[in-house]
Amino acid sequence: MQLQGASTISPAATLPLFNCTSSNAQSVMQCGQFRWGKLFTKHSRKYSTNSRLFSGPAGRRGLHIVASGAAIQYGSVMEVSARDSEPPSYAWPDNNKRPRVCILGGGFGGLYTALRLESLIWPDDKKPQVVLIDQSERFVFKPLLYELLSGEVDEWEIAPRFSDLLANTAVKFFKDRVKSLHPRDHLGSNGHTVSGSAGVVHLESGLLLEYDWLVIALGAEAKLDVVPGSMEYAYPFSTLEDALRVNEKLTALERKYFSKDSPIHVTVVGCGYSGVELAATIAERLQARGLVQAINVQKTILPNAPPGNRESALKVLSSRNVQLLLGYFVRCIRREDGGIETLHEITNGEAGHDLTDARNPERLLLELEPAERGLKRHTVEADLVLWTVGSKPLLPQLETVDQQIDLSLNSRGQAETDETLRVKGHPRIFALGDSSALRDRRGKLLPDTAQVAFQQADFAGWNLWAAINDRPLLPFRFQNLGEMMTLGRYDAAVSPSFIEGLTLDGPIGHTARKVAYLIRLPTDEHRLKVGISWLTKSAVESAAFVQNTLTEVLSGS
């Protein structure tokens, strides 16, 4: 996890919302006094529904994000099904009178860009109409997902609804998934952009949104298709749904092994920040009831972290008896098939001693291969496998009706941007966070972290303001403010970059980290609610600690 910089975001005016549902967007419908015909208008330009625009020709995909269902939901506000042969087009409130900004993705990059746009001062005729699109109804503050497993935070604190966060702003939220894009802002041979709108976003519900400016902040998903069995048996940990599934699985295992002598076996694959934070948090939660193992292909944990963070993590993991299997990679994950099986440790082709163990048909086996010579082959048992290695951006190539126009993508599927965060060749499209491939002054790609996305959102909001108002755009300069990680309910490690060699760990680091992230929550109102909640919990825990201490003293006397 990375320490993030300070910024003040103040929401602006309120836009009234409504609630309606419909099963046929082709007919004129009513919900109360509201007629659907006022929301959807047929596009003046014919948009064919052939495979080239919406599904892509054989062997060629448009922007297809994982999708389900045909209903579009605007926050918790309204739903409509759109399956017309000619997809309906969203009618912007002011249409062409004010700029139309479409933001894809509601993570740190997308949501914070929308809020930044709200906080800026605009001329009356230039204040943009902003639509934020995300497939989830909640914004997730991912650095605090680990606290869900330890019970330190509640779901609403780190995963508030977009409709609540944007209630006092003019930003409209659509709960939907992006199916494809149709950009029209590509540079022609004369170096000028085409006239009219800059392009169209096609959503899976069938709705079309014309835009003047586009922000791509779709983020990334866990890369599970790495080794045989990882897709079937491993749990990722990158979304709210992932965290809830892991917590549910841990709870089920705790109940199952409650009266048994055998410990719960948890294996974490990867010892970067996410893997180490998971191992420390779960080991603290299970204590003597669990056996936590962490596997890493390198011979050390946190290879890119400050030395202070690495030392603090090693100390905590050692104190909680976390077994580190360093210098190994996972060859496959498979289910045990029952009976008695003999595991062999093999070194340089020679069999070592045998390990005979009663098989548990519900347990998994991870076959480990050494990453270098001199290490032995291992087979590890697990009740739960957590996969924290690798991610893949949700940004494939784009399509257009007349010809295929590709964004400039790197090998990972990230858009190549200039230093102002504009996609190369597309002056009206900005990309940030996991969707952006931006290099620092030394030519090194910026890391895919919340800190980078948070800072880019500030610049993207400002540069949109500058572009709309014909002002110079600012080059993005990333400022590494330091790195921090959780190691349990009362442990953390914080290494600020502005004081070389300083690392705050233990309860002090834990408090510093919580305060830093409290400041980074999206809105003032949400910060206040969460702050009060955390203070209340802290007061209750302190009172309970004092009461327990007094009870022990009095009973001892």
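Below, the figures for the structure above:
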{"item": "Exposure of W92 as accessible area (Å², to 10), given a probe of 1.4 Å and all protein chains", "result": "10"}
{"item": "Accessible-area value, D164, 1.4 Å probe, nucleic acids and ligands omitted, Å²", "result": "100"}
{"item": "Accessible surface, 1.4 Å probe, highest first, among residues E369, E204", "result": "E204, E369"}
{"item": "For region 411-428 versus region 106-154, the gap between their alpha-carbon centres in whole angstrom", "result": "21"}
{"item": "Pairwise FRET efficiency - A288 versus R412, Cβ, R0 = 60 Å, nearest 0.05", "result": "0.90"}
{"item": "Per-pair calculated FRET efficiency, R0 = 35 Å: L502 and A544 via Cβ, rounded to 0.05", "result": "0.60"}
{"item": "Karplus 3J(HN,Hα) series, Hz, for region 225-235 with 6.51 cos²θ - 1.76 cosθ + 1.60 (x for Gly, Pro)", "result": "7, 9, 10, x, x, 5, 5, 7, 10, 8, 9"}
{"item": "Loop sites in region 456-539: GluC sites (Glu not before Pro), DSSP, at most 13 other Cβ within 10 Å", "result": "E500"}
{"item": "S408 accessible area, assembled protein chains, probe 1.4 Å, Å²", "result": "50"}
{"item": "Distance from region 263-313 to region 486-542 (C-alpha centre basis), Å", "result": "21"}
{"item": "FRET E, pair D524, R442, Förster distance 56 Å, beta-carbon r, rounded to 0.05", "result": "0.90"}
{"item": "Distant-in-sequence amide H partners of K223 (H built 1.01 Å from N, under 5 Å)", "result": "S391, K392"}
{"item": "Region 88-94 - phi-based ³J(HN,Hα) in whole Hz, Karplus 6.51/-1.76/1.60, Gly and Pro as x", "result": "x, 10, 5, 8, 4, x, 10"}
{"item": "Amide H contacts of L324 (H built 1.01 Å from N, under 5 Å, at least 5 apart or other chain)", "result": "A294"}
{"item": "Histogram of C-alpha separations across region 245-327, 5 Å bin width, %", "result": "3, 16, 26, 23, 15, 10, 5, 2, 0"}
{"item": "Distance in nm between pseudo-label sites at V553 and K315 (7 Å out along the Cβ direction from Cα)", "result": "2.8"}
{"item": "Spin-label pair L244/R334, simplified geometry with 7 Å Cα→Cβ offset, distance in nm", "result": "3.5"}
{"item": "Residue-by-residue Karplus 3J(HN,Hα) for region 476-486, coefficients 6.51, -1.76, 1.60, Hz, glycine and proline x", "result": "7, 10, 6, 10, 6, 8, x, 9, 8, 8, 8"}
{"item": "For L291, residues with placed amide H under 5 Å, excluding near neighbours", "result": "I264, H265, V266"}
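The values are calculated or read from the model by the stated rules, or taken from the named source; none is laboratory data. Source: prediction; values computed, not measured. Methodologically, a virtual Cβ is constructed for each residue, glycine included, from the backbone with ideal geometry; neighbour enumeration extends over all protein chains shown. Remember, those area values only see protein heavy atoms, side chains included, never the ligands or the DNA or RNA. Shrake-Rupley method; radii C 1.70, N 1.55, O 1.52, S 1.80 Å.
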